[in-house]
1. When the stretch 80-92 is examined, which residues are found to be assigned to a helix (DSSP H, G or I) and either farther than 30 Å from Gln56 by Cβ or at pLDDT below 90 (or both)?
2. Modelled with pLDDT of 75 or more, surrounded by 10 or more Cβ atoms within 10 Å (Cβ to Cβ) and touching a helix residue (DSSP H, G or I) at 6+ places or on another chain (Cβ under 6 Å) - does that describe any residue in the stretch 52-63?
3. For a quick check of your reading of the model, give me the residue pairs whose first member lies in the stretch 45-73 and is part of a loop (DSSP other than H, G, I, E, B), whose second is exposed (fewer than 13 other Cβ atoms within 10 Å of the Cβ), with beta-carbon atoms closer than 6 Å and at least 6 apart or on different chains.
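The values are calculated or read from the model by the stated rules, or taken from the named source; none is laboratory data. None of the values given here were measured: they were computed from a predicted structure. Positions of Cβ are generated from backbone atoms using ideal geometry, with glycine treated the same way; all protein chains shown enter the neighbour counts.
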Amino acid sequence: MTTSPLLLPEIPEDDELHELRSSGAAKRALDFYLKEDMSAATPDEALFAINPGISQEEALVHASELLRSAAATAYESASSHQGSHRDLAFSVVYLIDMAKAMVERSLQVPEVQANR
């Protein structure tokens, strides 16, 4: 008894799908899941860039402000929900507040060491 090979239907080449395959986002996603060493993002593809001359203290102050904004957003989201969605949003507020406290604590460490 011989069997004939299963022939798959031919898939038409879609230009939009082809463009998505060659996009930077698709490459990064494939790199993340398939490659051990991810390819570095080129500066042209970066959403935003951090000033290379920024001090550690300035970076931490900015991170603290970003966390404050995120906490305010999460808090507003929590106040407009009920039940488990509200609990989840408030847990995000709590996690952000903990991260903000750690950032603020790291800003205080140089002052404590300077006073010794």
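1. Gly83, Ser84, His85, Arg86, Asp87, Leu88, Ala89, Phe90
2. yes
3. Short answer, once both residue conditions are applied: none.
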